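Student: Here it is: the structure, laid out below.
Quick note: the coordinates plus some simple rules give every number you see, no bench work behind them. Keep in mind the model is a prediction, meaning the values are calculated, not measured. Cβ placement follows ideal geometry from the backbone for every residue including glycine, while neighbour counts extend to all protein chains displayed.
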Amino acid sequence: MIVISTDRYGGLSSNPYHSLNLSYGVGDNNSSVTENRKHLKRKYSIPYLLSARQVHGDAVFQLDEQLCRDLEVDGFDALVTDQKGVGLLIQQADCQAITLFDPNCPAIAAIHSGWQGTVKNIAAQTVAFLSERYGSSPSQIKAYVSPSLGPCCAEFVNHALEFPSSFLAFQEAKNHFNFWRISSMQLVESGLQEKNIQISGICTSCSSDYFSYRRACRNGDGVTGRCATIISL
């Protein structure tokens, strides 16, 4: 099993997507994105990629059959499979990607969890999905939370309208929330052991090594590329 989170370097895309943009949905040249994805597949020996046109929802897509080509599905924000040789790819520019690995089945999941997905607790729904479909024991699942918006930059001025009251325990400054800790809490409440949860702790808005929608909005029109987090058996 491998898990990788990409930075923005080493691809073919030009400004403002320079250079390893991995999303077809942000205005970049499609051929550049295709070549960038091919580069990752070669580098990590992953035959095929499964991704989604993410919608900040909570729908889970299950891949049962072995792919014979790359596939991108519509309207899902979590991907699960027990198939080897498939990289589950989440596209991100500040949102969390959460990967799950059940070593006993084995089975894997990749979750796109921005603030809306976190409010909907898509992480818990995906853990439950692994349990129902593959018989996974949550206490054995290993989780990873990717580089994403840190509490230093996760400012939400409308949180009283947008967040459940339980999130207030994770407010670290005025209007600033620690979504890394929120995700960890949600995973523990789903049955995972805290020792099995790894958090990158890198803020994508602070670090210019990553694409960041927030940083792009501060500096211009919000147009930027997308990094990726990939998990594969």
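Student: Quick one: which of 102-108, 216-222, 112-118 comes out on top by average Cβ neighbours within 10 Å, and what's the full order, highest first?
Tutor: Per-residue mean Cβ counts within 10 Å order the peptides as 112-118, 102-108, 216-222.
Student: Report the calculated FRET efficiency for residue 45 and residue 168 (r = Cβ-Cβ distance, R0 = 45 Å), to the nearest 0.05.
Tutor: Rounded to the nearest 0.05, the efficiency is 0.50.
Student: In terms of the Cα gyration tensor, with a ≥ b ≥ c the square roots of its eigenvalues, is the range 52-128 rounded because a/c is under 1.5, prolate because a/b exceeds b/c, or oblate?
Tutor: Oblate, because a/c is 1.5 or more while a/b does not exceed b/c.
Student: Here's a follow-up. Quick one: net charge of residue 17's neighbours, Cβ under 9 Å, K/R +1, D/E -1?
Tutor: Result for the local shell: +1.
Student: Here is a follow-up. If you add up the charges near residue 186, with Lys and Arg at +1 and Asp and Glu at -1, over every other residue whose beta carbon is less than 15 angstrom from its beta carbon, what do you get?
Tutor: Surrounding charge for residue 186 is -2.
Student: Positive end of the dipole of the range 1-124, charges at C-beta (+1 Lys, Arg; -1 Asp, Glu), about the Cα centre: which of 68, 116, 21 has its Cα farthest in that direction?
Tutor: Result: 21, furthest along the dipole toward the positive end.
Student: Given springs between every Cα pair under 10 Å in a Gaussian network model of the chain, which of 78, 128, 97 has the largest fluctuation?
Tutor: In the Gaussian network model the winner is 128.
Student: Continuing with the same structure: Could you rank the peptides 166-172, 12-18 by their average count of other C-beta atoms within 10 Å per residue, with the highest value first?
Tutor: 12-18, 166-172
Student: Just going by the charge dipole of the chain, with Lys and Arg at +1 and Asp and Glu at -1 on Cβ, which of 10, 49, 139 is farthest out on the positive end?
Tutor: 10
Student: Simple spin-label model, 7 Å along Cα-to-Cβ: residue 64 to residue 156 in nm?
Tutor: 3.6
Student: Another question about this same structure. Which order, highest average first, do 86-93, 138-145 follow once you tally other Cβ atoms within 10 Å for each residue and take the mean per peptide?
Tutor: So the order, starting with the most tightly packed, is 86-93, 138-145.
Student: Say each of residue 119 and residue 137 gets a label point 7 Å from the Cα, pointing the same way as Cα to Cβ; how far apart are those two points in nm?
Tutor: 3.7
Student: I would also like to ask the following. Between beta-carbons, use under 14 Å as the cut-off and find the net charge around residue 214, counting Lys and Arg +1, Asp and Glu -1.
Tutor: In short, 0.
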